[in-house]
Ligand SMILES: [Zn+2]
Ligand SMILES: [Zn+2]
């Protein structure tokens with residue numbers, strides 16, 4: 001595909017999309033139904049549909065029976081860890097293999113023309129972003145994802161929290177599934193904003209930001225505190241009356257969905273003239289500029305409301321520069 005039909009490339013070779021990152025039309029006033037209807041399929045397909053599919057596969061084929069889950073044991077905890085790790089190895093691995101190792105579409109639609117594998121750096125373990133990100137994901141973050149999973153499954157199994165049945169309340173649970181990505185957005189925005197506060201940033205979140213040019217393995221490369229808090233989004237289903245399948249979906253939106261922001265490509269070419277939108281640009285800008293776009297795609301437009309939204313345009317740059325300038329002045333006045 002010709003990426004210059006969709007964007008521009010600068011002298012360095014970095015590509016950026018034309019136009020702005022569109023606001024989710026739910027927030028336009030007055031609401032425009034045709035726009036919302038046009039947005040809805042992309043909300044569900046392919047990413048959220050995939051997270052639901054994996055949640056169902058887990059529930060029917062991976063998660064042990066309720067009797068077993070009434071007692072926490074190493075057996076089923078390690079089994080869940082093994083499946084989570086294998087699933088991420090395959091799912092993220094497909095992107096890594098096709099777009100970063102085979103470089104099937106070279107730098108077409110790639111925001112940063114460089115590939116992390118070509119740039120050794122001292123900030124990473126073994127000077128390798130790939131190895132560092134990979135080890136942190138599999139030996140720190142995925143174990144903590146599994147801890148969250150074991151805790152909420154155990155709470156459901158023990159009957160400590162309400163277990164809403166699909167037969168009794170199908171409409172309520174379906175609505176909860178549709179709302180789950182919004183819960184993710186709010187949860188992620190606030191923990192993420194919190195760990196951008198100076199001392200917490202240096203202690204915790206700087207680990208994730210070592211990857212200025214993120215790739216799939218960067219997605220879950222986190223400090224343990226962040227790795228736990230990030231996946232703890234599923235605990236909201238211990239507070240809201242819910243069902244373990246919906247909680248699993250919530251967990252997968254976080255765990256599997258983290259890859260979206262870190263794909264590094266705007267479109268993933270599937271065939272000569274078809275491509276999937278990655279939705280990666282918003283979070284790519286966060287890795288590039290640090291103090292913009294703390295949330296995701298703006299499903300709940302918290303960045304707009306807090307004045308930290310960057311829509312990828314020149315005006316977005318100007319707003320960000322003005323904000324940084326003000327911050328510098330405040331700091332100078334204090335010094
Ligand atoms: Zn990130
Ligand atoms: Zn951040």
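The values are calculated or read from the model by the stated rules, or taken from the named source; none is laboratory data. Quantities reported herein were computed from a predicted structural model and do not represent experimental measurements. Ideal geometry is used to build each Cβ from the backbone, glycine not excepted, and the neighbour counts take in all protein chains shown.
Summary table below
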quantity	calculated
Qualifying residue in the stretch 2-11 (condition: farther than 21 Å from residue 141 by Cβ, touching a helix residue (DSSP H, G or I) at 6+ places or on another chain (Cβ under 9 Å), modelled with pLDDT of 95 or more and assigned to a loop (DSSP other than H, G, I, E, B))	no
Residue list for the stretch 56-68, restricted to those being part of a helix (DSSP H, G or I) and either in contact (Cβ under 8 Å) with a residue 12 or more places away in the chain or more than 24 Å from the chain's Cα centre (by Cα) (or both)	56, 58, 59, 60, 61, 62, 66, 67, 68
Qualifying position, being modelled with pLDDT of 95 or more and crowded, with 20+ Cβ neighbours inside 10 Å, among 136, 103	136
Extreme residue, nearest to residue 265 (Cα to Cα), among residues of the stretch 203-227 that are more than 13 Å from ligand 2 (Cβ to nearest atom) and assigned to a loop (DSSP other than H, G, I, E, B)	215
Output for the stretch 198-228, where each listed residue is away from ligand 1 (no atom under 14 Å from the Cβ) and in contact with a helix residue (DSSP H, G or I) (Cβ under 9 Å, 6 or more places away or on another chain)	200, 203, 224, 225, 228
In the stretch 126-145, residue nearest to the chain's Cα centre (by Cα) [restricted to those that are assigned to a helix (DSSP H, G or I) and more than 28 Å from residue 79 (Cβ to Cβ)]	129
Test: residue in the stretch 144-162 that is within 16 Å of ligand 1 (Cβ to nearest atom) and farther than 16 Å from residue 249 by Cβ	no
The stretch 12-27, subset out of contact with any strand residue (DSSP E or B) (no Cβ under 7 Å at 6 or more places or on another chain) and under 16 Å from residue 266 (Cα atoms), residue modelled with the lowest pLDDT	22
Given (1) within 30 Å of residue 243 (Cα to Cα); (2) assigned to a loop (DSSP other than H, G, I, E, B); (3) within 20 Å of the chain's Cα centre (by Cα), number of the condition residue 71 does not satisfy	(3)
Residue in the stretch 193-200 that is in contact (Cβ under 8 Å) with a residue 40 or more places away in the chain, within 23 Å of residue 281 (Cβ to Cβ) and either within 16 Å of ligand 2 (Cβ to nearest atom) or surrounded by fewer than 18 Cβ atoms within 10 Å (Cβ to Cβ) (or both) present	yes
